[in-house]
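A short worksheet on the structure shown next.
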Amino acid sequence: MSQQYVLKKENFNNFVEKVMADYDFIAPVKAKKNILRSKSLYQKISNPEDIFLDDHSYHTVKGFFNDPREKLFDFDGNKIINPVIELRQRVFFGLRKCDLNGIWHQDMVFLDNKHQCDPFYKARRDVSVLIGLHCNNGFEHCFCNSLDLRSDFHDLMFFDKNNDFIIEVGSDKGRKIIEIASDFLEQGDNLLTEEDRKIKNMGHELKTTNIKKFYHHEDWKTKGADKCLACGACNMLCPNCHCFTIEDDVDFSLKKGTRIRKPAPCQLKHFTRVAGDHIFRQDKTARFKHRIYHQLQYFQDRHDVQFCTGCGRCIAGCPARIDWIEIINNME
Amino acid sequence: MTTKQQLISESPYKPVLAKITEYVRETHDSFTIKLDWKIHHQPGQFVFCSLPGIGEAPISICSHSDEYIELNIREVGNVTKKLGQLKVGDELLVRGPYGRAYPMRDFEGNNIIIIGGGCGVAPLKGSIEFIEQYRNKFRDVSLFFGFRTPDDTLFRKRMDVWKEKFNMHVSFDKVAEPSKACYDGSQGFVTQKVNELVGDNTNTVVFICGPPIMIEKTSEILLNKGFKEEQIFVSAERLMYCGMGKCGRCMIHGRYTCLDGAVFRYDELKDYKDD
């Protein structure tokens, strides 16, 4: 039985300020009007009043773990200069179940010791404390109840219950936060019912995750790819998508420069372009299917874990409003 | 609270320097370099070559020795064109080896048929050298090579040696009249030779590497002749950046070309060649 604590909502700001003294505090804030349709996004905050928990954040936190322009190393001619990265102890607050599972999936890819652990991701991950926030109600595009997700991957988990937050401890990193803010916390036992752990009123439902038999279905083209603008928004908003490009940036001397790594969206045509201008997934349908099959089948086949976390951000952020859940639900 | 500066000195993306000890121009658009880089590798694996400021490219190893590495490179992209301008004594950055190799040990006591088309002959050269080193472990070895024209022939000197050791058949898609180069082979596609000469499939494995259309047609012919899908090994080519299953670029229907390939058994890929 994991330990449980009670934090009165009136003490929440004190809790945040206490933690902020020792950590960078990253939490969802409301975006300025007319940007992102007033949705929330994760930012480092300096005032607890800024925290906005009423919505599902538009962006995920993956940019905090993999820099959008990660410096792999500098070079001067053929000489390689090791990179230095700046790290600060930090707390992520308000991560939903989908965000936490997304981070776990990234861990599986980047911290995989069998195929070489990524030192950049590891360094950033080591200084991060993950504090989750349980969703009592789902949001418009969510469908995580249709998927098999972990609910024990967190350092601390907050449950919003009436006038209190019930906190569950998931790891030693989380216990340290509890110690820091112990003035505002009361220990408790069996404070959560089965009902409290459920997510109700989910906007969406995915009827099946077994889509192997639909691979040659024509709906992928007619209902999906024909509408798709191949913009890659779904890739950028997805908590799982981790594909990247490595390229060299040089200065004017053409001798010195940096080898950088940056995210690459599989919906773009050049994603599979090789020298000689051959493009393997030339067809938009193939690219559209690639993303969905990676989410629901390929990762499952390799790791026996469901990749898609059901956050629905790819649907919420799609400029063509393609609802691939509906496409699958209507397939026979 | 302070900001900590962490030096990343160990990184799988960090290449090492290697020096070019030999440079052979094979054809108008391809060349072979030998590097003084000592790594243990298996036939069918590949390495990343890079030039700072230009970029990185995956290149298959075309030799089999723990003392050096040979790479046959065709000048088609930014990196390979620049690599072609290097000369003996120049240095380049390398990392590897990556990829799943041909399971050569499993084939001991078998007949081996090796079919290569164009620059697809290069990755196969590693396995041929392996067979040369352990010749008594394998039975009949046949080589089928196809090139566009006699001028496009790779590894001319080695071909002369292989001709003595193995059943070798070379064919050229087009033979210009009169040809500038001396050639020893027949006119036509490599598939025609395979169709003509390959017969029995007992205790035989086939390696195929070349352009996708050639791999497809050759496998079709072999399957029609009664070869099983498990007897055919093909090489896949995809764009890749990391070589360790992270960048996601080389995925073919859920399989990473860098981890699960570049050598695949035919049945692993057959339905998804275009993905």
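The values are calculated or read from the model by the stated rules, or taken from the named source; none is laboratory data. What you see is a predicted model; the values in this text were computed from it and never measured. Neighbour counts run over all protein chains shown; Cβ positions are idealised from the backbone, glycine included.
For the reader, a short list of remarks on this structure follows.
- Taking every residue in the range B:188-207 that is within 18 Å of B:R265 (Cβ to Cβ) and pairing it with any residue that is exposed (fewer than 15 other Cβ atoms within 10 Å of the Cβ) and of a type in the set (A, V, I, L, M, F, W, C), at least 6 positions away or on another chain, yields no pair with a Cβ-Cβ distance below 7 Å.
- Taken over the range A:117-134, the criterion of being basic (K, R) and either in contact with a strand residue (DSSP E or B) (Cβ under 6 Å, 6 or more places away or on another chain) or more than 10 Å from chain B (Cβ to nearest Cβ) (or both) is satisfied by A:R125 alone.
- Screening B:D106 on (1) away from chain A (no Cβ under 14 Å); (2) in a helix (DSSP H, G or I); (3) touching a residue at least 12 places away in the same chain (Cβ under 8 Å) shows it passes everything except condition (3).
- Only one entry of A:G63, A:G77 meets the criterion of being small (G, A, S) and away from chain B (no Cβ under 14 Å), and that entry is A:G63.
- Subset tally (residues that are more than 20 Å from A:N11 (Cβ to Cβ) and among the hydrophobic types (A, V, I, L, M, F, W, C)) for the range A:136-163: 7
- Within the range A:255-274, the set of residues being of a type in the set (D, E, K, R), outside any helix (DSSP H, G or I) and out of contact with any Ser or Thr (no Cβ under 6 Å at 6 or more places or on another chain) comprises A:K255, A:K256, A:R259, A:R261, A:R273.
- Test: A:V16 is over 28 Å from A:N235 (Cβ atoms) and surrounded by 19 or more Cβ atoms within 10 Å (Cβ to Cβ): yes
Table: residues versus (1) at pLDDT 95 or above; (2) in contact with a Leu (Cβ under 8 Å, 6 or more places away or on another chain); (3) closer than 27 Å to A:L7 by Cα; (4) among the β-branched types (V, I, T).
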residue	(1), (2), (3), (4)
A:C98	no, yes, yes, no
A:M108	no, no, no, no
A:H115	no, yes, no, no
A:V129	yes, yes, yes, yes
A:N136	no, no, yes, no
A:F143	no, yes, no, no
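- Reported count of residues in the range A:237-254, each being at the interface with chain B (Cβ under 7 Å from one of its Cβ atoms), part of a loop (DSSP other than H, G, I, E, B) and touching a Cys at 6+ places or on another chain (Cβ under 7 Å), is 1.
- Single match in A:E179, A:E205 (criterion: of a type in the set (D, E), surrounded by fewer than 18 Cβ atoms within 10 Å (Cβ to Cβ) and within 29 Å of A:L296 (Cβ to Cβ)): A:E205
- The one condition in (1) part of a loop (DSSP other than H, G, I, E, B); (2) within 18 Å of the chain's Cα centre (by Cα) that B:I33 fails to fulfil: (1)
- Subset of the range A:275-319 [under 13 Å from A:D148 (Cβ atoms), part of a loop (DSSP other than H, G, I, E, B) and either touching a strand residue (DSSP E or B) at 6+ places or on another chain (Cβ under 8 Å) or polar (S, T, N, Q) (or both)]: A:Q306, A:T309
- Any chance A:L111 is surrounded by fewer than 22 Cβ atoms within 10 Å (Cβ to Cβ), touching a Cys at 6+ places or on another chain (Cβ under 6 Å) and either more than 10 Å from every other protein chain (Cβ to nearest Cβ) or hydroxyl-bearing (S, T, Y) (or both): yes
- Each residue in the range A:199-236 was checked for being out of contact with any helix residue (DSSP H, G or I) (no Cβ under 6 Å at 6 or more places or on another chain), among the polar types (S, T, N, Q) and part of a loop (DSSP other than H, G, I, E, B), and 3 of them qualify.
- Filter pass, B:N167 being surrounded by fewer than 17 Cβ atoms within 10 Å (Cβ to Cβ) and touching a strand residue (DSSP E or B) at 6+ places or on another chain (Cβ under 9 Å): yes
- Contact map, the range A:34-45: residues that are within 12 Å of A:D24 (Cβ to Cβ) and polar (S, T, N, Q) paired with residues that are modelled with pLDDT of 85 or more and not in a helix (DSSP H, G or I), Cβ distance under 7 Å, separation 6+ or inter-chain. Pairs shown: A:Q43/A:I26; A:Q43/A:V29.
- When B:V263 is tested against (1) surrounded by fewer than 23 Cβ atoms within 10 Å (Cβ to Cβ); (2) more than 9 Å from chain A (Cβ to nearest Cβ), exactly one condition is not met: (1).
- Any hit, the range B:2-22, residues being part of a loop (DSSP other than H, G, I, E, B) and more than 14 Å from every other protein chain (Cβ to nearest Cβ): no
- The range B:71-83 residues that are more than 22 Å from B:P43 (Cβ to Cβ), paired with ones that are acidic (D, E) and surrounded by fewer than 17 Cβ atoms within 10 Å (Cβ to Cβ) (beta carbon under 8 Å, 6 or more apart): B:E75/B:D29; B:V76/B:D29
- The number of residues in the range A:197-250 that are aliphatic (A, V, I, L, M) and free of Cβ contacts under 8 Å to residues at least 24 places away in the same chain comes to 1.
- Here is the figure for the range A:80-101: residues that are facing another protein chain (nearest Cβ under 9 Å) and of a type in the set (V, I, T) total 3.
- The single residue among B:I208, B:I213, B:I221 that is within 22 Å of A:D283 (Cβ to Cβ) and not in a loop (DSSP other than H, G, I, E, B) turns out to be B:I213.
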